[in-house]
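Trainee: Dumping the structure here so I can ask a few things about it.
The values are calculated or read from the model by the stated rules, or taken from the named source; none is laboratory data. Computed from a prediction, not measured in an experiment: that's the story for all the values here. When we count neighbours, we look across all protein chains shown, and the Cβ atoms used for this are built from the backbone with ideal geometry, even at glycine.
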Ligand code: AKB
């Protein structure tokens, strides 16, 4: 029986991951944790944990006899640029605290399996942008991307040197409607739906032809859990796997929204996030994830757009304006 701790449970991915894991493993076997108290998201227990507090982390893992930890607490690309040192400390020391704990527990015969998210931000301006290979030039230009690349190397190091069972995905931009995204460059692809349903013209902070890899949340959750459930012997990558969902640019997304809400309009007002997006891949080669653990995306652009428009909560007045 697995006992699972999700750190960063209040975040966009964390809240939905806790829900999915509670269904899979039983609510009593999932502990939701974040730096401030919030909802249980379907788990039975909530613990306040600052991932930078290694002792608190060790205490909670010991108390609940945790066997798997998902460490999702991080500052993303756009907010990271506002506070680079804070982003570096949280993103790196948070991961190191988990890896060290897994190393120590492993040596004591209490293995701790780790999931840690990397990102397309680990790539950079000299990375081939189309069908970006698993192994290629990686020269990230944001503090977030630099922390992701360094984190990938740490994951590989702890696996090779200490046998820590750590697994990771280079997440594309994640599109979802349940919880708001947390300060990323790909957030436009969520904000656009809210503007559309409010009947507003959306001021897009990326240029219209800026194509980025994205993934719909149900696919992202399925990918994460499939990777964690895969037999260790099948995994050839312990840094982080490329995983592709669907690639599109703001113009294509706006067109798909207009097909459902003909009155929708967008204008382009690129800001500093455009320079970040310009260094990221447009699409990913995820052949290794497909081969090693059977990854296969299920949701395309049209289906995602319809599902988002159906599920985002807006008031009847807003809906009326959007029609
Ligand atoms: C961001 O935009 O910073 C994130 C990411 C791609 O990791 N969504």
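Trainee: Just checking, how many residues over the range 137-185 are outside any helix (DSSP H, G or I) and without any contact (Cβ under 8 Å) to a residue 60 or more places away in the chain?
Mentor: Start the filter on the range 137-185 by keeping residues that are outside any helix (DSSP H, G or I), which leaves 137-142, 163-184.
In the following step, the residues that additionally are without any contact (Cβ under 8 Å) to a residue 60 or more places away in the chain were identified as 137-139, 163, 173.
Final tally of qualifying residues: 5.
Trainee: Another question, if that's okay. Filter the range 186-217 for residues that are part of a loop (DSSP other than H, G, I, E, B) and closer than 30 Å to residue 294 by Cβ and give the result.
Mentor: 211
Trainee: Then there is this: Name, by its number, the condition in (1) more than 16 Å from the ligand (Cβ to nearest atom); (2) over 17 Å from residue 93 (Cα atoms) that does not hold for residue 179.
Mentor: Single failed check for residue 179: (1).
Trainee: Considering only the range 138-158, I want to know if a residue exists there that is within 16 Å of the ligand (Cβ to nearest atom) and within 12 Å of the chain's Cα centre (by Cα).
Mentor: Within the range 138-158 (the criterion being within 16 Å of the ligand (Cβ to nearest atom) and within 12 Å of the chain's Cα centre (by Cα)), the answer is yes, since at least one residue qualifies.
Trainee: Now for a different question. Select, from 22, 43, 28, the only residue that is in contact with a strand residue (DSSP E or B) (Cβ under 9 Å, 6 or more places away or on another chain), over 20 Å from residue 183 (Cβ atoms), loosely packed, with under 15 Cβ neighbours inside 10 Å and in contact (Cβ under 8 Å) with a residue 12 or more places away in the chain.
Mentor: Criteria check complete, one pass: 28.
Trainee: Would the range 107-116 turn up any residue that is under 19 Å from residue 13 (Cα atoms) and out of contact with any strand residue (DSSP E or B) (no Cβ under 7 Å at 6 or more places or on another chain)?
Mentor: The initial filter retains those residues of the range 107-116 that are under 19 Å from residue 13 (Cα atoms), namely 113-116.
Checking which are out of contact with any strand residue (DSSP E or B) (no Cβ under 7 Å at 6 or more places or on another chain) leaves us with none.
Among the residues of the range 107-116, not one is under 19 Å from residue 13 (Cα atoms) and out of contact with any strand residue (DSSP E or B) (no Cβ under 7 Å at 6 or more places or on another chain), which makes the answer no.
Each row is one residue, and each column tells you yes or no for (1) surrounded by fewer than 15 Cβ atoms within 10 Å (Cβ to Cβ); (2) under 16 Å from residue 15 (Cα atoms); (3) more than 20 Å from the chain's Cα centre (by Cα).
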residue: 37; (1), (2), (3): yes, yes, yes
residue: 50; (1), (2), (3): no, no, no
residue: 56; (1), (2), (3): no, no, yes
residue: 60; (1), (2), (3): no, no, yes
residue: 63; (1), (2), (3): yes, no, yes
residue: 67; (1), (2), (3): no, no, yes
residue: 70; (1), (2), (3): no, yes, no
residue: 78; (1), (2), (3): no, no, no
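Trainee: Exactly one condition in (1) closer than 21 Å to residue 247 by Cα; (2) touching a helix residue (DSSP H, G or I) at 6+ places or on another chain (Cβ under 8 Å); (3) within 11 Å of the ligand (Cβ to nearest atom) is false for residue 120; which is it?
Mentor: Every condition holds for residue 120 apart from (2).
For every residue, the table says whether it meets (1) within 12 Å of the ligand (Cβ to nearest atom); (2) modelled with pLDDT of 95 or more; (3) outside the structural domain of residue 152 (by TED's automatic domain parsing); (4) in contact with a helix residue (DSSP H, G or I) (Cβ under 7 Å, 6 or more places away or on another chain).
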site	(1), (2), (3), (4)
187	yes, yes, yes, no
192	no, yes, yes, yes
195	no, yes, yes, no
205	yes, yes, yes, yes
223	no, yes, no, no
236	no, yes, no, yes
251	no, yes, yes, no
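Trainee: Shifting gears a bit: Please go through the range 31-58 and pick out each residue that is part of a strand (DSSP E or B) and farther than 20 Å from residue 94 by Cα. Walk me through how you get there before you give the answer.
Mentor: First, pick out the residues of the range 31-58 that are part of a strand (DSSP E or B): 31-34, 45-48.
45 - this is the single residue of the range 31-58 that is part of a strand (DSSP E or B) and farther than 20 Å from residue 94 by Cα.
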